[in-house]
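Taking it in order: structure first as structure tokens, then the write-up.
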């Protein structure tokens, strides 16, 4: 155990890494991808550019890791809520609400910036894809515990439909769409998802 006020090298490394990831998300939300530079991230994080290069191979690696960092934090916070959900049919609407909460807000803003930039940036696209897929698999694994009786292929289809639907709603929110309309669409999707769950 270290003395009070003295951090181990591992703790210092983790603190630096976390500061860089948090600063990256702040920059993406406030400045957008195009105006976010590694230098600006380092300035906000209070670390040198050399320190950033020690942790991340390039800007694309830093950006993708930052979104994974934010998403993991959000999903960790939601995990307790997943554990409290009822199983079976009753858990479907609540699960959709949780996914909407997990894929909207700050996460949606930062991720949207990267997805758009990745269309014309092969390095960024290559960095984001495995992160996005891994996080999807992790979330899907949690949802399987809610509906273990549902065939795996149907559950996976419902999950990815919900993820892409909520991403679309999040983009609508970013563009100033009507909140009442989003709520109406979310309720309609819950109804359709329940029908699909029942095999109707």
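From 85, 98, grab the single residue that is crowded, with 17+ Cβ neighbours inside 10 Å and more than 16 Å from the chain's Cα centre (by Cα).
85
Tell me which of these residue 200 doesn't satisfy, since it passes every other one: (1) at pLDDT below 90; (2) exposed (fewer than 13 other Cβ atoms within 10 Å of the Cβ); (3) in a helix (DSSP H, G or I).
Here residue 200 meets the rest and fails (3).
Among the candidates 108, 117, single out the residue that is part of a helix (DSSP H, G or I), at pLDDT 85 or above, closer than 22 Å to residue 72 by Cβ and touching a helix residue (DSSP H, G or I) at 6+ places or on another chain (Cβ under 9 Å).
117
Of the residues in segment 26-44, how many are assigned to a helix (DSSP H, G or I) and either touching a strand residue (DSSP E or B) at 6+ places or on another chain (Cβ under 7 Å) or buried (at least 22 other Cβ atoms within 10 Å of the Cβ) (or both)?
Number satisfying all stated conditions: 3.
Within segment 151-171, is there a residue that is at pLDDT below 85, farther than 30 Å from residue 23 by Cβ and in a helix (DSSP H, G or I)? Lay out the reasoning, then the answer.
In the first step, residues of segment 151-171 are kept if they are at pLDDT below 85; the result is none.
Looking for residues that are at pLDDT below 85, farther than 30 Å from residue 23 by Cβ and in a helix (DSSP H, G or I), one finds none in segment 151-171, hence no.
Please specify each residue of segment 109-125 satisfying the condition of being under 16 Å from residue 58 (Cα atoms), surrounded by fewer than 18 Cβ atoms within 10 Å (Cβ to Cβ) and over 16 Å from the mean Cα position of the chain (by Cα).
121, 122, 123
When you look at residue 128, is it crowded, with 16+ Cβ neighbours inside 10 Å and either on the phi < 0 side of the Ramachandran plot or touching a residue at least 24 places away in the same chain (Cβ under 8 Å) (or both), yes or no? Working first, answer last.
On the way: crowded, with 16+ Cβ neighbours inside 10 Å: yes; either on the phi < 0 side of the Ramachandran plot or touching a residue at least 24 places away in the same chain (Cβ under 8 Å) (or both): yes.
Taking the combined requirement at face value, the residue satisfies it.
So is residue 74 in a helix (DSSP H, G or I), modelled with pLDDT under 90 and under 25 Å from residue 152 (Cα atoms) or not?
On the way: in a helix (DSSP H, G or I): yes; modelled with pLDDT under 90: yes; under 25 Å from residue 152 (Cα atoms): yes.
In short, yes.
State which residue is farthest from the chain's Cα centre (by Cα) when the search covers only segment 169-178 and only residues that are surrounded by 13 or more Cβ atoms within 10 Å (Cβ to Cβ) and free of Cβ contacts under 8 Å to residues at least 12 places away in the same chain.
Here the residue is 177.
Out of segment 131-149, which residues are exposed (fewer than 15 other Cβ atoms within 10 Å of the Cβ), assigned to a helix (DSSP H, G or I) and touching a residue at least 40 places away in the same chain (Cβ under 8 Å)? Let's see the steps before the verdict.
In the first step, residues of segment 131-149 are kept if they are exposed (fewer than 15 other Cβ atoms within 10 Å of the Cβ); the result is 133-134, 137-138, 141, 144-145, 148-149.
Restricting the remaining residues to those that are assigned to a helix (DSSP H, G or I) gives 133-134, 137-138, 141, 144.
Within segment 131-149, 134, 138 qualify.
The values are calculated or read from the model by the stated rules, or taken from the named source; none is laboratory data. For clarity, every value in this text was computed on a predicted model and none was experimentally measured. Cβ sites come from the backbone with ideal geometry, for glycine too, and all protein chains shown count toward neighbours.
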